[in-house]
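Heads up, the thing below is written out as structure tokens.
The values are calculated or read from the model by the stated rules, or taken from the named source; none is laboratory data. Since the structure is predicted, the reported quantities are computational estimates derived from the model, not experimental observations. No Cβ is skipped: glycine too gets one built from the backbone with ideal geometry, and neighbour counts run over all protein chains shown.
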Amino acid sequence: MEYWTSVANQHSEYWLSPANPVIPPTATSAESIADAYWTSLQRSLGGIVQAKGEALGPIRLIVAKTGITILTFAAAEVVEVEGGIEVAFPIIGGFACSAAAGHLRIIARIEGVGVHLGVIVDGYRPRFEHLHAKTFLIAAPYTLTQHLVHGWVTKRSLQDIASVIDPIPVAPPPLDTKGRLNGLQVGVVGASGYVGRRLVPELRDQGAQVRAIVRRANPDLEQVADIEVTHGDALDRESLDRAFVGLDVVYWLVHSMSAGGDFAELDRVAARNAAAAAAQAGVKQIIYLSGLGDDDPELSHHLQSRHETGQILAEGDVPVTTLRAAMVVGQESASFQMMRDLVHRLPAMVTPSWVTTRSQPIAYADLRDYLVGVCALPGAYGRSLDVGGPDILTFREMMERVAVLAGRRKPFIVPVPVLSPTLSSRWCGLVTAVDTNIARPLVEGLRNETICLNDDILRLVPKERMSFDNAVRRALQGVPQRY
């Protein structure tokens with residue numbers, strides 16, 4: 001971080017060395033960069049000074065409660081330069097300047113393997129542009145304070161802009177199980193799904209002997225070294241009997257939503273098969289990934305089925321550890337894909353009224369660590385554990401954040417009470433890449449609040465959790481799959 005200043009010029013420069021490749025900023029990301037700057041400025045000044053207007057201007061900096069306008073900026077001029085953009089706000093008036101002159105410029109560009117960020121005030125004419133004997137006692141402290149505040153506030157603003165520019169924050173380091181999984185025979189049912197494909201290599205790296213149990217061949221799993229891939233159909237008890245032989249732990253990551261129709265009955269049959277096959281094979285623990293939500297009559301059909309599956313598994317002779325999660329924020333997560341496609345393709349949307357329902361999404365990296373962390377952990381046996389990220393947001397807030405982080409304008413959202421889950425899911429099926437059979441139960445589940453009701457997992461598996469924004473940045477950019 002470098003900073004220098006004169007009466008008419010104040011420059012703050014920041015060089016970022018990201019851990020991952022960064023996409024050069026473009027005109028479409030200018031709004032999110034400007035929004036990060038003005039939001040950070042207000043927060044740094046404790047809300048005493050407020051920025052009024054749209055992110056790209058016009059903007060007025062006013063003193064709260066008094067209404068005094070310190071500076072007024074015209075709408076920004078966004079210029080694409082080599083490796084990025086410059087966003088310039090012309091200074092056109094205000095109490096702090098003696099005349100309209102100069103610009104506030106935000107610079108964001110890629111230089112080699114680094115990122116160059118800057119906030120520069122050029123050609124500014126402050127109120128006390130010349131120091132006279134009569135005004136010195138007022139002008140000198142005023143000018144000094146102005147420059148000190150610029151340096152202090154802008155450093156924080158540049159760091160906030162950097163978090164927008166670098167779309168792949170480094171995930172917390174993998175969980176250290178201290179060798180607890182060494183030599184453990186672990187089966188993953190549903191290993192070809194989004195969660196399973198990424199869980200398999202992590203379990204292997206933690207020392208487990210992993211058996212991926214799938215209905216059909218999967219090219220991603222075929223590339224994973226030092227694992228066993230075997231056939232197993234959740235609806236075929238005999239195939240599970242064969243697949244579970246010799247296993248210590250079984251992960252149950254399957255559901256039947258894509259089948260449509262009465263998927264809940266298919267999940268019941270599958271859960272009974274799993275409980276019986278695990279008991280016969282002498283499995284010591286079943287780890288089941290379920291969904292958050294209160295057990296009440298108004299719970300969606302999808303979430304009721306998730307909870308019922310856990311109850312059927314728990315009725316067997318093998319201890320079950322149930323992890324209950326809301327939306328998983330990851331590149332191939334169906335619920336995140338649906339949200340990402342909506343904000344990319346629709347500048348405005350009519351949504352069910354329950355889009356204002358609260359939820360507690362979780363980054364895939366955190367879910368992975370919790371799944372690994374409870375494996376062969378006696379304190380987790382026979383328990384239902386709620387898992388979530390640090391942020392509780394409405395689905396509307398999540399869509400708005402995803403849009404901004406993707407460099408787009410916030411969508412215009414109109415909630416209406418008459419849009420049924422059937423109509424909503426068909427609409428999502430047309431607009432997004434998510435299958436309608438999956439979209440319908442996901443959309444139906446939006447009416448239920450899905451937040452953690454217990455925090456036992458934080459003590460059983462203590463770890464740093466990723467924020468929603470950082471999880472979205474990683475998901476939007478894409479994180480290469482490990483083999």
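Summary table
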quantity	calculated
Some residue of region 281-296 being at pLDDT 95 or above, closer than 27 Å to residue 204 by Cβ, touching a Leu at 6+ places or on another chain (Cβ under 8 Å) and assigned to a helix (DSSP H, G or I)	yes
Odd one out for residue 106 among (1) in contact with a Gly (Cβ under 8 Å, 6 or more places away or on another chain); (2) surrounded by fewer than 15 Cβ atoms within 10 Å (Cβ to Cβ)	(2)
Count of region 335-359 residues which are modelled with pLDDT under 75, among the polar types (S, T, N, Q) and surrounded by fewer than 17 Cβ atoms within 10 Å (Cβ to Cβ)	1
Residue list for region 396-423, restricted to those being at pLDDT 70 or above and assigned to a loop (DSSP other than H, G, I, E, B)	406, 408, 409, 410, 411
Complete set of residues in region 70-88 that are under 12 Å from residue 30 (Cα atoms) and part of a strand (DSSP E or B)	77, 78, 79, 80, 84, 85, 86, 87, 88
Given (1) under 21 Å from residue 177 (Cβ atoms); (2) surrounded by fewer than 23 Cβ atoms within 10 Å (Cβ to Cβ); (3) touching a residue at least 24 places away in the same chain (Cβ under 8 Å), index of the condition residue 384 fails	(1)
Subset of region 272-289 (residues that are within 25 Å of residue 325 (Cβ to Cβ) and not hydrophobic (A, V, I, L, M, F, W, C))	272, 273, 284, 285, 288
Residue in region 254-267 that is in the same structural domain as residue 307 (by TED's automatic domain parsing), modelled with pLDDT of 90 or more, part of a loop (DSSP other than H, G, I, E, B) and polar (S, T, N, Q) present	no
Exclusive hit being at pLDDT below 70, of a type outside the set (Gly, Ala, Ser) and outside any helix (DSSP H, G or I), set 479, 443	479
Cβ-Cβ under 6 Å pairs, at least 6 apart or on other chains, region 90-117 side at negative phi and modelled with pLDDT under 85, far side among the charged types (D, E, K, R) and surrounded by 17 or more Cβ atoms within 10 Å (Cβ to Cβ)	116/109
Conditions (1) of a type outside the set (D, E, K, R); (2) at pLDDT below 85; (3) touching a Lys or Arg at 6+ places or on another chain (Cβ under 6 Å); (4) not in a loop (DSSP other than H, G, I, E, B); number of the one not met by residue 121	(3)
In region 157-190, the residues that are at pLDDT 70 or above, outside any loop (DSSP other than H, G, I, E, B) and not hydrophobic (A, V, I, L, M, F, W, C)	157, 159, 160, 185, 187
Check on residue 72, among the β-branched types (Val, Ile, Thr), at pLDDT 90 or above and assigned by TED's automatic domain parsing to the domain that holds residue 154	yes
Selection from region 379-395 of residues that are in contact with a Ser or Thr (Cβ under 6 Å, 6 or more places away or on another chain) and either assigned to a helix (DSSP H, G or I) or among the aromatic types (Phe, Trp, Tyr) (or both)	380
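Quick grid of which residues meet (1) closer than 18 Å to residue 267 by Cβ; (2) assigned by TED's automatic domain parsing to the domain that holds residue 371; (3) crowded, with 17+ Cβ neighbours inside 10 Å; (4) at pLDDT 95 or above:
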| position | (1), (2), (3), (4) |
| --- | --- |
| 192 | yes, yes, yes, no |
| 210 | no, yes, yes, yes |
| 219 | no, yes, no, no |
| 223 | no, yes, no, no |
| 240 | yes, yes, yes, yes |
| 245 | no, yes, no, yes |
